[in-house]
Amino acid sequence: MSPQVSTRALPRIDQWVGALRVRRAGLTDPERVAELDLLIEHLVAEGERDLARTLATVSPHGTYHSWGGSGPYTATTAQQAELYHQALDASPHTFDLAMEVERFHSGQDGICMDGVLHKQATREEVEERGLAVPDAAHEVFVMSRRMALFVSYVDGLLIGEDMYRDDHADVVTADAWAVARPHLGTGPREESA
């Protein structure tokens, strides 16, 4: 990692949450506000790596669907919990991500949004996904790909997520990403000792 990364912005879920809070200010229907608040809580809990808190926002009868990206899958809430465990164990950067929301809709069927998802990754994580490392002198990168997310609700909880992600991801060094997108991220997370 270059010395500049320690002071530059990297993808953070807080940016995504901030963008959703701006959208929330424009909602007037109390049901839509409650749904968005629950999604925000879900994202905040993910960002804090709090699995129990994350799953408390999801119906035990929920289903997750994912297409593209690392590969398609369908999972029950219990199976998704195991996938969360595996992801959290595999990387300290699991939820070091930010979504640039380009389109957003909240209605009776739930919330849908699309844009570009940016995720911090180590050299090893980039290589594990079969992607080219753009600069051998760096250790921290940002992978970016288009994503559409659909979230529905039942009994006041998320019924799951439907995610569509491009198979292709652009990879740049964290330094290059921070220069290109200074409006995203809040700087590196403090690592606990």
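The values are calculated or read from the model by the stated rules, or taken from the named source; none is laboratory data. This structure is a prediction, so every number in the text was calculated from the model and none was measured. Every residue, glycine among them, receives a Cβ derived from its backbone with ideal geometry; neighbour counts consider all protein chains shown.
So which residues in segment 72-85 are under 16 Å from the mean Cα position of the chain (by Cα) and exposed (fewer than 12 other Cβ atoms within 10 Å of the Cβ)?
Hit for segment 72-85 is HIS85, nothing else.
Is segment 144-155 home to any residue that is over 18 Å from VAL126 (Cβ atoms), surrounded by 20 or more Cβ atoms within 10 Å (Cβ to Cβ) and in contact with a Ser or Thr (Cβ under 6 Å, 6 or more places away or on another chain)?
No, because not a single residue in segment 144-155 is over 18 Å from VAL126 (Cβ atoms), surrounded by 20 or more Cβ atoms within 10 Å (Cβ to Cβ) and in contact with a Ser or Thr (Cβ under 6 Å, 6 or more places away or on another chain).
Looking only at segment 119-152, how many residues end up being in a strand (DSSP E or B), in contact with a Lys or Arg (Cβ under 9 Å, 6 or more places away or on another chain) and within 17 Å of SER91 (Cα to Cα)?
So the answer is 7.
Among the candidates GLU190, GLU161, GLU102, single out the residue that is surrounded by fewer than 15 Cβ atoms within 10 Å (Cβ to Cβ), at pLDDT 90 or above and either farther than 22 Å from ALA34 by Cβ or touching a helix residue (DSSP H, G or I) at 6+ places or on another chain (Cβ under 9 Å) (or both). Spell out how you get there, then give the answer.
Working: GLU190 fails: at pLDDT 90 or above; GLU161 fails: surrounded by fewer than 15 Cβ atoms within 10 Å (Cβ to Cβ).
Answer to the selection: GLU102.
Just give me the residues in segment 84-99 being of a type in the set (A, V, I, L, M) and at pLDDT 90 or above, in sequence order. Talk me through it step by step, then tell me what you get.
Of all residues in segment 84-99, those of a type in the set (A, V, I, L, M) come to 87-88, 90, 97-99.
Across segment 84-99, the qualifying residues are LEU97, ALA98, MET99.
Go through the residues of segment 47-64 one by one and say whether even a single one is surrounded by fewer than 17 Cβ atoms within 10 Å (Cβ to Cβ), among the aromatic types (Phe, Trp, Tyr) and over 19 Å from ILE13 (Cα atoms).
no
Name the one entry in SER66, SER70, SER152, SER91 that is hydroxyl-bearing (Ser, Thr, Tyr), touching a Phe, Trp or Tyr at 6+ places or on another chain (Cβ under 7 Å), at negative phi and in contact (Cβ under 8 Å) with a residue 24 or more places away in the chain.
Residue meeting the stated conditions: SER66.
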